[in-house]
Amino acid sequence: MDYKDLIATNLSECTGLDKEQVLGLIEIPPKLELGDYAFPCFVLAKTLHKAPPMIANELKDSPELVKGFDGAVTVDTAGPYINFRIDKGILAKSVISEIIEAGDQYGNKNIGEGKNVIIEFSSPNIAKPFHVGHAFTTILGNSLSNIYSRLGYNVIRFNHLGDYGTQFGKLITAYRLWGDEAAMQENPIDELTRIYVKFHDECKVSSEREKELEDTARDNFRKLEEGEPEEVALWKRFRDLSLDVFEKTYKRMGIRFDNYNGESFYSSRIDSVVNMLEEKGLLEESEGAKVVKLDDEGLPPCLVVKSDGTTIYASRDLAAILYRHEEFNFYKNIYVVGLPQQLHFKQVFAVLKKAGYDFADDCVHVGFGLLKFKDNTAFSTRAGNIIKLDEFLDKATEKTAEIIRKNSELRGGDMTDEQIAQVSEVVGLGAVTYTYLKSGREKDIYFDWSDMLDFEGDTAPYLIYTYARIKSILRKAADQGLTGSVENADKLTAEDEYAVIRSLADFNDAVIKAAESYEPFMISRQIALIARNFNRFYNNSRILNADSDEIRDARLKLCEAVADCLKSGLDMLGIGVVEKM
């Protein structure tokens, strides 16, 4: 039984407020003794012309408010708040039963059935290394895709590749001058990076050399745009070789895409976008360029065509949105792109809206912060100053293996090298993923190895270890022929037990909030709370040697429910689990 939903339904009928509005207003009291949920009556004071405490008392006595509670929920007031307290035993049995039935799919809903959600994320540049700076969009976008899929939406995962632009003229020029074919075969990204950096180094030699190289690069890009066979063949080779490398990283991280239409795909559609804007009288000349003025929207003009006649990111994104709506009729079109692009997307969406396309309102920019190291390392392919994501993942796995090997040795060497390698890959990659998702996405991340791999902190290793600990308990129980039972779960009302159950009950709500706010940390925060509450319960309570068979069986089912919920939450974040550590 979803008691919060029932409470919201009844409050909606009593107050006339929309149910979704009521759900947004319901709070969790700061102290458990105040109840499980609280509804503030301030919002009703203006329309009812009464003081909030008076409104709270009148609503409390309304028969409609307690409809369907059947003794499971009691109601009282505290000043302007209506407090709802759910019977601990009833809630315990209800929550545990619901989770056991759903298994590791707990949190799934069908609220998005029949609705297409496009999520654009990762979007690396072709012929450039996949570095740690790309990890934020990749990990965040993958998690949002998982969350929306689990809520029943039809998610289409877009990887909008940076596979077009003047840099390809530079690459073609550099390859012809300095390319090493053997190196291209062995490690294409490294070789392409080397020659790209060399191009810019050569430009520093003299202004004459810079002009010569830049002119050649522009000419090569012009030939590429005009479809010259040699330039197109080189561009296609750079793209295919890069995708092969990227795919290995995606596969390792358990990430997939449904669509790889990059910037090049939309280049042929830009003329129709420009024509449409001209026909609607939106394009204006500005210093030789063509722009759409957005003064009424409080935004600077959106540049659509540059003074030299070439297009820009905005024109390609406009073409992409129009294509996506025509092809997929999206419910939402979500861009997981860094915060510095906030103005760009505001302009693009505003241009669409001004052109009369109301589905511009269904386009969302999900911005995020930066990953920073203690030495403030910056990432620049041009300068050759990068930290490759694969090497970063390797380092995380190696450091995790060291910790797990030491722990295994303390237990007498109970894990083989193969087992340590398998567990370290899951835990190491999970540690990296969780680092990006444990806080609000707009916050910058200050990276530290010791924090990330702390098995007792707010980390993936801690969560995965908690899951493995529970699995160990359940294996020991199975060896004794014990499987547990929900029959007496209503006896789990002690403080430590109820804290676990209360946090489990709030998981569904955390998933919904994560989707609505595009914030996976709503889930990471909730499962971290569940794990902390469980470990406190574990340290203070006997499970297999409980005072009675009934309590033992109920606690075993509580353990199973926690494991299922943790696995479900970690899966939504894009993190795997292990059975033993």
- Task: Provide the gained length on full extension for the span GLU287 to SER97, in nm with one decimal, where the gain is 0.36 nm per separating residue minus the Cα-Cα distance.
- Result: 61.6 nm
- Message: Defining a contact as two alpha carbons under 8 Å apart and six or more residues distant in sequence, what relative contact order in percent does the stretch 166-253 show?
- Response: 38
- Along the stretch 109-121, what does the Karplus equation 6.51 cos²θ - 1.76 cosθ + 1.60 (θ = phi - 60°) give for ³J(HN,Hα), rounded to whole Hz, x for Gly and Pro? 9, 10, 5, x, 4, x, 10, 8, 10, 8, 10, 9, 8
- Just the Kirkwood number for the stretch 166-253, please: inverse of mean 1/r across all distinct Cα pairs, in Å, one decimal. 13.6
- Note on the structure: Footprinting proxy, HIS200, HIS160, HIS131: sorted fewest to most Cβ within 10 Å, the residues are HIS200, HIS131, HIS160
- Relative contact order computed over the stretch 1-75 (Cα-Cα under 8 Å; 6+ residues apart), in percent: 26
- Note on the structure: Of all DSSP beta bridges with both partners in the chain, the antiparallel percent, nearest 5, is 55
- Message: How large is the translational diffusion coefficient of the stretch 3-86 in µm² per second when you combine the Kirkwood radius over alpha carbon pairs with Stokes-Einstein at 20 °C and 1.002 mPa s?
- Response: 171
- Item | Derived scalar couplings ³J(HN,Hα) [the stretch 566-575; Karplus, 6.51 cos²θ - 1.76 cosθ + 1.60; whole Hz; x for Gly, Pro] | 4, 5, 4, x, 5, 4, 4, 7, x, 10
- Task: Mind listing the long-range amide H neighbours of LYS372? Cut-off is under 5 Å, sequence gap 5 or more, other chains count too, H placed in the peptide plane at 1.01 Å from N.
- Result: ILE445, TYR446, PHE447
- What are the principal axis extents of the Cα atoms in the chain, in Å, biggest first? 85, 71, 39
- Quick one: what are the phi-derived ³J(HN,Hα) couplings along the stretch 161-171, Karplus 6.51/-1.76/1.60 with θ = phi - 60°, whole Hz, x for glycine and proline? 5, x, 10, 8, x, 5, 4, 6, x, 5, 5
- Query: Could you put LEU23, LEU556 in order, starting from the residue whose Cβ has the fewest other Cβ atoms within 10 Å?
  - Reply: LEU23, LEU556
- Note on the structure: For 119-127, 235-243, 333-341, ranked highest to lowest by mean beta-carbon neighbours within 10 Å, the order is 119-127, 333-341, 235-243
- Could you list the trypsin sites (Lys or Arg not before Pro) in the stretch 487-581 that lie in coil according to DSSP, counting only those with at most 16 other Cβ atoms within 10 Å of their Cβ? ARG542, LYS580
- Hey, what's the Cα Rg ratio for the stretch 264-385 versus the globular rule of thumb, 2.2 N^0.38 Å? 1.19
- Message: Distance cut-off 31 Å, Cα to Cα: go down the list LYS50/LYS115; LYS60/LYS491; LYS128/LYS443; LYS109/LYS388; LYS198/LYS236; LYS399/LYS567 and report the pairs above it.
- Response: LYS50/LYS115; LYS109/LYS388
- Item | Folded to 0 to 90 degrees: helix 88-102 orientation relative to the chain principal axis, Cα | 40
- Centre separation in Å (Cα based) which lies between the stretch 167-213 and the stretch 455-500: 57
- Message: From Cα pairs below 8 angstrom and at least 6 apart in sequence, can you work out the relative contact order of the chain, rounded to a whole percent?
- Response: 16
- Message: Given the -39500 (n - 2.57) contribution per DSSP H run of 4+ residues, what per-residue ellipticity at 222 nm results for the chain, rounded to the nearest 500 deg cm²/dmol?
- Response: -18000 deg cm²/dmol
- Rounded to 0.05, the calculated FRET efficiency for the beta carbons of LEU544 and ASN57 at R₀ = 56 Å is 0.70
- Item | Calculated FRET efficiency for the pair LYS211/VAL232, C-beta based, R₀ 25 Å, to 0.05 | 0.45
- Query: Between the helical axis of 132-150 and the dominant principal axis of the chain, each derived from Cα atoms, what acute angle in degrees is found, rounded to the nearest 10?
  - Reply: 50
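Where a number appears in this text, it was derived from the coordinates with a stated rule and is not lab data. Bear in mind that the values here come from a model prediction, so they are computed numbers and not experimental data. Methodologically, a virtual Cβ is constructed for each residue, glycine included, from the backbone with ideal geometry; neighbour enumeration extends over all protein chains shown.
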